[in-house]
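Beneath this line is the structure, given in structure tokens, with notes to follow.
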Amino acid sequence: MNILFAVSEATPFAKTGGLADVAGALPTALAERGHRVHLFLPLYQEIQTPERKFTEITKVTIPLGAEQVTGSIVNLPSYHPNLNLSFVRQDNYFDRPFLYGPAGEEYPDNGIRFIFFCRAILEAVSLLNLNIDIYHAHDWQTALIPVYLKTLYKDLPSYGGGSLFTIHNLGYQGIQEKELMTLAGLDWEEFTFERLEFFDRLNLLKGGLVYADALNTVSRAYSREILQPEFGFGLESVLAQRRNNLHGILNGIDCQEWNPADDPFISNHFRIGRMAGKKICKKKLLSAFNLPHENRLPLVGMVSRLVTQKGFDLILPLLKKVAAFETQFVFLGTGDPEIEESLTILARQYPSQIAFIRGYDNRLAHLIEAGADIFLMPSHYEPCGLNQMYSLRYGTVPLVRAVGGLDDSITSFNLENGGGNGFKFNDYTIKALEQTLKEALQLYQEPRLWQKLRQNGMRCDFSWSQSAAKYEDLYEKIKSQI
Ligand code: ADP
Ligand code: GLC
């Protein structure tokens, strides 16, 4: 199949969260399976490094309201013969220091930037005769692609394929002033409650939900949860209408990038049966965070965007009681300034138990996975979550709330039969988190059981091959229905 993969971030080029991990790995996994994949990304400032040699493939000119805006499609040599790496270049829109805006803020013209991105991709499809079978779009930034395929571009012969829209996070909908309808070249006929309108504004994500031929989320549990008001962010009834075309495919992980046996970001490697390296990683991690080294104490780690989605309204009150727990905590992340401030204060109050590094640091993220004993993910909602799966590979036991992909990938340790790969709780309450943490800390003091639990996790297989095969089946299904 000829697959177009339109996305706003992908490793190793640009990343703010798990979307980039998925878009870095899935296209390659599909290319491995023999498909021709065209990956399109915006050419952000951070991608334009001197060692990357881009070749201009074509210019594109897009009408945005009364203006004609020109950009180009530039390519990079690819690391796989079946994978094409294309970038939409428009320096006024994308040559900026951040992907979407500084420190959790949005650039005010994000709507326009991503309208341009989507249209430029569709223009390229026709100019370059790409002959696409499946257009695969992700999150609000590329949700206009399925919209355009059913509206502005619907009668044009170059656009015969079907579309899949993947929801990675319903909490971000790309809601714009309705005036952008004109700029986007969309007919006001589309601005109705059933289609693009949302409280008198233009909801780009909703466009993806309404117009794509099929939808999926990044876990089965999340595909069901979003039909409920608690997780639907106001779009639950739109989703309910599409429930027959709404699928759930759990993300995979890149087992080469996240491999404790030869991870270039850590200097002491380990694997099942040879775990000495993990102990040294723990020591290094504690000193990187300036915490005293006490092997007796389990170390709880967290790497996260600092947003309420991730459970900070449970974590912060729990940390206030940290003196009652025989444990240490390390946190790495950036995001909401209030959460950053609270973690900074707590780390100052409990300097031998809590440490926080504010920032985005891939090397430290790998060191936390390698050196921690327990990985904390008490999310309020979690479409998939990748860190719990990385943790399993590194023998770091996930402690999660039973939602979305966390529920699909983690099973509680069973003392009777020795099964399970982590700790899991249901209620979104401080009490439930506290209770589960206590259980985990207790089990840590029983080395044989702990070793068993750790090994169960290290034996799990969440590689992309299974998930890529499921995407392939879904693409086939879409293709057979158009
Ligand atoms: P989300 O996409 O909601 O942020 P995921 O668990 O799917 O959550 O993915 C988060 C990804 O971003 C992981 O690869 C994680 O290691 C990475 N990440 C998040 N915050 C940081 C940070 N401060 N430094 C380095 N990596 C981070
Ligand atoms: C989103 C979700 C996260 C998921 C990631 C990749 O950012 O918050 O749960 O793992 O997308 O699909």
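The values are calculated or read from the model by the stated rules, or taken from the named source; none is laboratory data. In this text the structure is predicted, and so the values were computed from the model without any measurement. Here the Cβ is made from the backbone with ideal geometry for all residues, glycine too, and neighbour counts use every protein chain on show. Accessible surface areas use protein heavy atoms only, side chains included; no ligands, DNA or RNA. Shrake-Rupley method; radii C 1.70, N 1.55, O 1.52, S 1.80 Å.
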The condition of being touching a Lys or Arg at 6+ places or on another chain (Cβ under 9 Å) and either modelled with pLDDT of 95 or more or outside the structural domain of Ile121 (by TED's automatic domain parsing) (or both) holds, among Tyr172, Tyr148, only for Tyr148
Of the conditions (1) touching a strand residue (DSSP E or B) at 6+ places or on another chain (Cβ under 6 Å); (2) aromatic (Phe, Trp, Tyr); (3) in a helix (DSSP H, G or I), the single one that Phe165 does not satisfy is (3)
Picking from Pro97, Pro50, Pro102, which residue would you name as being under 23 Å from the mean Cα position of the chain (by Cα), free of Cβ contacts under 8 Å to residues at least 40 places away in the same chain, more than 18 Å from Ala124 (Cα to Cα) and more than 16 Å from ligand 2 (Cβ to nearest atom)? Pro102
State the number of residues belonging to segment 98-117 that are open to solvent by 50 Å² or more (accessible area, probe 1.4 Å) and either under 21 Å from Val69 (Cα atoms) or part of a helix (DSSP H, G or I) (or both). 1
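Yes/no per residue for (1) free of Cβ contacts under 8 Å to residues at least 40 places away in the same chain; (2) part of a loop (DSSP other than H, G, I, E, B); (3) touching a Phe, Trp or Tyr at 6+ places or on another chain (Cβ under 6 Å); (4) closer than 21 Å to Ser163 by Cα:
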residue	(1), (2), (3), (4)
Tyr222	no, no, no, yes
Phe231	no, no, yes, no
Leu239	yes, no, no, yes
Asn251	no, yes, no, yes
Asp263	no, yes, no, no
Lys278	no, no, yes, no
Of everything in segment 156-188, what is open to solvent by less than 20 Å² (accessible area, probe 1.4 Å), closer than 12 Å to Asn203 by Cα and more than 16 Å from ligand 2 (Cβ to nearest atom)? Give them in sequence order. Met181
Only residues in segment 280-308 that are closer than 14 Å to Ser352 by Cβ and among the small types (Gly, Ala, Ser) count as the first member; pair them with residues that are assigned to a loop (DSSP other than H, G, I, E, B) and open to solvent by 70 Å² or more (accessible area, probe 1.4 Å), Cβ under 8 angstrom, at least 6 apart or cross-chain, and list the lot. Ser287/His293
